Every structure is written in structure tokens, then in C-alpha cells.
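Reading through the C-alpha cells given below for one structure.
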Amino acid sequence: SQKIEQNSEALNIQEGKTATLTCNYTNYSPAYLQWYRQDPGRGPVFLLLIRENEKEKRKERLKVTFDTTLKQSLFHITASQPADSATYLCALDVEPDSWGKFQFGAGTQVVVTP
Amino acid sequence: SQTIHQWPATLVQPVGSPLSLECTVEGTSNPNLYWYRQAAGRGLQLLFYSVGIGQISSEVPQNLSASRPQDRQFILSSKKLLLSDSGFYLCAWSELVLNEQFFGPGTRLTVL
């Protein structure tokens, strides 16, 4: 299975700045990679999905990149707002032909201060 | 629109007692269904997933079991809870293999 690494330290950022989170994996290149947001005491909420043949994906103020050579995905929140404060998880397929089985990183907490 | 329900929201159980958590999905047919556990400050651990009625795959050895008696119903059970079973249990569904997962509100289980 994959080993997924996300920054364990919280990312403190000032409102209006860009937050950049990393998701590194160690083994085989996944067919796709997803990012979720999780608020305390709640279930994760899907944000973006990027496939292995895509370099970049955008949705409003969010941008995801996928570098299969570096085995890394970057997640950017531009013009960050206090409402963006949450934990962000990346998820990828566990192994080739894993048929919908996902593995999640431990997540990175983002704190946006006014 | 699709919705996912989990109950109960919180549960406190003594060690050795049985467990039954229920998850139901509305507004879709033949979804993939998942049970995850999240320990405090940790990532999501996939426990079980199901691609159809009666088809359950277990991901980790444990004293938990899962069943799917109906297309949109997924149940997590245990005959005897352990202290290590405490955590936040999340049910999720997806429509296709590669699609995003939609999570329920979760059940906070404390085993004393």
C-alpha cells in the first residue's frame, strides 16, 4: 500500500495570502488524487480530484497540481479567508486496480487569521 | 439529491459490550459503501468497503465486522468492544469507482 505524507504541523497564514499544502506518496503512482476538507467533529467534504494525466486543476480559489515524477501534489488556497480554516486531507487509490479503495493522509490543519 | 445518514451521533459503551452502527444512503442506487475510523488527531483508516449487497471487503484485522443487508444500508458491528475501538466512525459512499466520496456526519464512539 501507499505511504502518504502530509505536513503534520499546522499552517498559520494571514488572511489574503496563499496557503500551500503538500501531499507526498512513496510507492506507485496513483491513477488519481483527491483533496478533502474536514472541520472538527464533521466528516470530510470533497474538494477536488486530479487525474494522473492532468498537471493542474482549479476550482474557484483552489488549485491542485500533480507531479508524478516528484510523487507529489500541491494544494493551494489563494486569497485565503478565516472561513478556510480547517484540516485538509489528500486521498489516493491504494494500489493498482484497487477498485475504489482510498487511502487518506493524516491531513494538515490550516489556520487563517484576520 | 443524495443524502447519507449515520446513527447514533455519539455513543459511550463499556468494554466487552456489543456494537451496531448504521448507515443509510438516499437518492442513489448501487453505491460503493465504506466504513472508516479516525482516531484523535489521526487520518482516516479504511475498515470495510462494499461494492454490492453481501459483498464486503475487510481491510484490517480487527474485532469489527460489516454487513450490507440492503443496497443502501451498511452496518458496522462488534460482538465485544475493546478500548482501542474508541474513535470517530465515518460512513461514506461513492457512485463510481473513481468518483469522490461523500461522508456521513459520523459517530463518536467512546469505549470505557
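The figures follow:
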read-out	value
Electrostatic dipole magnitude of chain B [Cβ: Lys, Arg +1; Asp, Glu -1; Cα centre; debye, to 20]	360 debye
Per-residue HN-Hα couplings for region B:14-20 [Karplus 6.51, -1.76, 1.60; θ = phi - 60°; Hz; x = Gly/Pro]	x, 4, x, 7, x, 9, 8
Heavy-atom accessible surface of chain A: percent carbon and sulfur, 1.4 Å	46 percent
Positive-pole candidate from A:86, A:4, A:26, dipole of chain A, charges at beta carbon	A:86
Cα gyration tensor of chain B - equivalent ellipsoid semi-axes, whole Å, descending	23, 14, 13
Cα-based reach from residue A:57 at 17 Å (exclusive), listing aspartates and glutamates while leaving out same-chain residues under 8 positions away	A:67, B:100
Average projected area [Cα convex hull, the protein assembly as shown], square nanometres	12.4 nm²
With at most 14 other Cβ atoms within 10 Å, longest stretch of chain B clear of loop trypsin sites (Lys or Arg not before Pro) (DSSP)	B:1-41
Trypsin sites (Lys or Arg not before Pro) within region A:1-87: DSSP coil, no more than 16 neighbouring Cβ in 10 Å	A:3, A:17, A:42, A:55, A:61
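The values are calculated or read from the model by the stated rules, or taken from the named source; none is laboratory data. Since this is a predicted model, take the numbers as computed values, not measurements. Cβ atoms come from the backbone with ideal geometry, glycine included; neighbour counts cover every protein chain shown. For accessibility, only protein heavy atoms count, side chains too; no ligands or nucleic acids. Shrake-Rupley method; radii C 1.70, N 1.55, O 1.52, S 1.80 Å.
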